[in-house]
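The values are calculated or read from the model by the stated rules, or taken from the named source; none is laboratory data. What you are looking at is a predicted structure, and each value in this text was computed from that prediction instead of being measured. For neighbour counting, all protein chains shown are included, and Cβ atoms are generated from backbone atoms with ideal geometry for every residue, glycine included. Side chains are part of the model used for accessible areas, which takes the heavy atoms of the whole protein and leaves out ligands, DNA and RNA. Shrake-Rupley method; radii C 1.70, N 1.55, O 1.52, S 1.80 Å.
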Amino acid sequence: MKRVGPLRRVSEWSRGGGGLAELLSPGGEPSRVVPSPDGGHLVLQRGGRLLAFQRLGSMGTELRRSWEPPPSREAPVGLLFPHSPRAAGGWALAVVWERGRTELWRLAAGWQPLRALELCQGGRARVAAVCCQGERLVWCEERPPSDVHPDAGKGAFRFCVCARALEVEEQGVRLGPVSIVLHNSPEYRVLAAPRHVFMLPASPGSAATTKFLLVWHPEEARLTLAAPSAGVVRSKVLQASSESDFRKLLLGSVGLLSALAPLDVHSCAVSDRGALLLVSTKGAVSVVEADGTQRHVFDLEGAPLAQENTVQLKTFGSTLACMLAGVLYLVDLNSGRLIEKKILNMKEVHFLESPGEEDSIQLLMQTGIYSLGFSSPEDSSRAEPCLVEMVFEEACQYYQRRSLSSSKLTVEKLKKGGAFQAPVALAAILQHSLHQNTMSLELQSYLSLELLKSCVVGAPESEVESYCEELVEQEVSRVLHSDIDKDNLAYLNSVFASFPKAAWKATRSCLQLQQNGDGLLVARATPEVWKKVLGGPQQQEEVGQNGVVPLFELICASFLRFKPKWLPSFVELTQQYVGLSWAYSSKEGPEGRVPLYKRALGVLARKSKRSEVDDEMELELLLCSKRPKAVLQALHLLIRLKRWQRVVEVAEKFSKLSPLLNKEIFTTLLAEFAQHRELDPYVDTLWPLCPAELTASDILTVVLQHLPRTQGDPVPFSSEGNQLTVGLLKPLLQRLGAGPASPFPLWEPRLCCRTPGPSVPISP
């Protein structure tokens, strides 16, 4: 772990820096300091005043320019440095005022104006937030309804998010047209990363609009709606301006969003790697990636945070710096461990840019500019083993959750207090007997998982996919070997939604699914894993408005997406395991309420588009259950589709399961035989299926009940070829007459006569 050196002053205020020192003095509104990309200039705002300073090395700063607020007394809402590769120095300054007026300045023998422009198209519009994404300005604009056409129904949905290309050149500025990213929306804060723009709800509340954030990907013209606690909710490519309507964007996600809690955001910033840094009112610091995934990093002391508490966030390589109430927290972003905590005794402290330097942090204070350097621990120093440190950190979280005291439990208190012996004993075991400990493999696996997470965070884009697949596999395996409670189930839903392909591969690996030499699907999962997969009533109770899907349904959806032909075999495997582990129709088993094949059919029914392949899948799922009602349902479906060859095959196969099912199948097919002639080519297969207990009287009763109704009196020798005749029934009646106890002994000589005789139609 890195070590932090002492705080040292690198520059003092010179004569020109007195104004800066005065602006940084305590009292009044807090100042806002924006450093230039090269770190050589500072633009400071306090109230309506704007001042530009130039850094003079160890001599401090010099005031170079000041701006007075416009006559309307509006406040500046943005101090930006657009990326300008064609301009001197590679950057320019954009000052954006509340009513949309934007002034562009460049530094050449002093601050020189380049151009002034209006961002907003209407005179009554107001810029609520603005950011700079490369050579593009992105802002959230309020557009009040006109007096002529007021729209009271819009309420808070009177904002829109706009973008405009801005290319600063040596001799001027080239502007692109205004494009609408989102309209009819609530107010958003916009924060720019190199490849995307985060949009956070500007005001807290319990409405559905405060339960998620948006991520705009300009190069892909794509908008992602994400709730960090639940993962990606929806991602949509904006192909037309009508698709940018905020309310239409929410239509497909209202049900899921209604069950989510509102976002808890006190402060936010963007890291130098393009992730969103969030601080909750409880002091929890987390990282949200562009795909909506969230990772908790650290908990600040002094929570809960009030609105007036200012929290500053900035990343320096893999180090996160947090400033709260004059206390500087330095945290390792990869592991979440606290590197250093320094009390600065200064109310106003600002982070400065350190281009190309990730081993130092520069701080702007009232008395000067200071620097903190990082160094690696000396080789001679003995660091505490990572596993031991993790034991105490996990124990802190465990005991803190169960403590009734409001005091914060720390690792130092845990080590010295003596009240909690379990983590101390485990730490001693790990330090002295790890090679003999039966838990060593599990602990090493947990540590490797944490290290893998760190690799994902710092990996280049080309390697992220392979790391993610490995990470998802370890996470799915970890959850399957733990208790799947409500939180774990919601977490798995998020994993399957965010990384569908990786989750599918992880499922195959955890269940050890593969085809054997005969082409049959086999699984070698342990009974404990099977129980987690199948779940039971407790998992099924989680389904509802919260949108959480049981694990069995998640896996079925993965089969449908990546290997649909395997789904019926998988359902059959699960039923085999259920039969071995639970009594039939046991209330404690996974089929206590809804049979597994019906749960799989429910997943199939949720598909947005239906095809012939889905009809075939429905048939296979019904048949693989081998339940009488399901088999008969499949048989009726095949009859409705007029797939007679398949009807006969199903009848021949499933009639062997039970005498009762055999009778139902045969009666169903006999009724069909009485109505049309489609089954005539298959009578040699059908008649052997006739149950032994049926008599000729039973046969004729079924036939007469299902004969089609005809117009007028029946004709003895009809020319129509679709009528049922005695001749067609003769082979069946012969089988009944040849039995040991024939109920029609007088018919036997005639039925067995070799002369066929006339074909007389049977009439109802």
### Task
Considering every residue within segment 486-506, establish whether at least one is at pLDDT 70 or above, under 21 Å from the mean Cα position of the chain (by Cα), closer than 30 Å to ALA275 by Cβ and loosely packed, with under 13 Cβ neighbours inside 10 Å.
yes
### Summary
Residues of segment 376-403 being modelled with pLDDT under 70 and surrounded by fewer than 11 Cβ atoms within 10 Å (Cβ to Cβ), in sequence order, are SER376, GLU378, ASP379, SER380, SER381, ARG382, ALA383
### Query
List, please: which pairs have Cβ atoms under 9 Å, are six or more places apart or on different chains, and start with a residue in segment 264-287 that is of a type outside the set (Phe, Trp, Tyr) and outside any loop (DSSP other than H, G, I, E, B) and end with one that is surrounded by fewer than 17 Cβ atoms within 10 Å (Cβ to Cβ) and modelled with pLDDT of 90 or more?
none
### Query
Using beta carbons and a limit of 6 Å, which pairs, at least six apart or on different chains, have the first residue in segment 42-54 and over 12 Å from LEU93 (Cβ atoms) and the second one β-branched (Val, Ile, Thr) and part of a strand (DSSP E or B)?
LEU44/VAL33; PHE53/THR61
#### Entry: Single condition VAL168 does not satisfy, out of (1) open to solvent by less than 10 Å² (accessible area, probe 1.4 Å); (2) touching a helix residue (DSSP H, G or I) at 6+ places or on another chain (Cβ under 9 Å)
(2)
### Query
Based on what the data block shows, is ALA525 assigned to a loop (DSSP other than H, G, I, E, B) and among the aliphatic types (A, V, I, L, M)?
yes
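Out of the residues in segment 21-42 meeting the condition of being of a type in the set (Gly, Ala, Ser) and modelled with pLDDT under 60, tell me which one is farthest from the chain's Cα centre (by Cα). Step through it out loud before you land on a result.
Filtering segment 21-42 for residues of a type in the set (Gly, Ala, Ser) gives 21, 25, 27-28, 31, 36, 39-40.
Narrowing the set further to residues that are modelled with pLDDT under 60 leaves 21, 25, 27-28.
On the way: ALA21: 47, SER25: 45, GLY27: 44, GLY28: 43 Å.
Among those that are of a type in the set (Gly, Ala, Ser) and modelled with pLDDT under 60, it is ALA21.
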### Query
Any idea which of (1) touching an Asp or Glu at 6+ places or on another chain (Cβ under 8 Å); (2) over 19 Å from LYS730 (Cβ atoms) is the one LEU689 doesn't satisfy?
(2)
### Query
Which pairs do you get when a residue that is on the phi > 0 side of the Ramachandran plot, found in segment 495-516, comes within reach of a residue that is surrounded by 16 or more Cβ atoms within 10 Å (Cβ to Cβ), reach meaning Cβ atoms under 8 angstrom, with the pair 6+ apart or on two chains?
GLN512/ALA523; GLN512/ALA525
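So in segment 645-699, with the set limited to residues that are of a type in the set (Gly, Ala, Ser) and without any contact (Cβ under 8 Å) to a residue 40 or more places away in the chain, which one is nearest to GLN633 (Cα to Cα)? Full working, then the answer.
Initially, segment 645-699 is screened for residues of a type in the set (Gly, Ala, Ser), giving 651, 655, 658, 671, 674, 692, 696-697.
From what's left, without any contact (Cβ under 8 Å) to a residue 40 or more places away in the chain: 651, 655, 658, 671.
Working: ALA651: 12, SER655: 14, SER658: 16, ALA671: 16 Å.
Here the answer is ALA651.
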### Query
Picking from GLN362, GLN366, which residue would you name as being more than 31 Å from the chain's Cα centre (by Cα) and at pLDDT 80 or above?
GLN362
### Query
Can you name the residue in segment 473-485 that is open to solvent by less than 40 Å² (accessible area, probe 1.4 Å) and over 13 Å from ALA503 (Cα atoms) and, of all such residues, is modelled with the highest pLDDT?
ILE484
### Query
Looking at segment 113-135, is at least one residue of a type in the set (D, E, K, R), at pLDDT 85 or above and open to solvent by less than 40 Å² (accessible area, probe 1.4 Å)?
no
### Matching residues in segment 93-106 - criterion: being open to solvent by 50 Å² or more (accessible area, probe 1.4 Å) and outside any loop (DSSP other than H, G, I, E, B)
ARG101, ARG106
### Query
Out of all the residues in segment 562-603, which are modelled with pLDDT under 80 and in a loop (DSSP other than H, G, I, E, B)?
TRP582, ALA583, TYR584, SER585, SER586, LYS587, GLU588, GLY589, PRO590, GLU591, GLY592, ARG593
### Task
Could you figure out which of (1) on the phi > 0 side of the Ramachandran plot; (2) open to solvent by 50 Å² or more (accessible area, probe 1.4 Å); (3) modelled with pLDDT under 80 isn't true of PRO460?
(1)
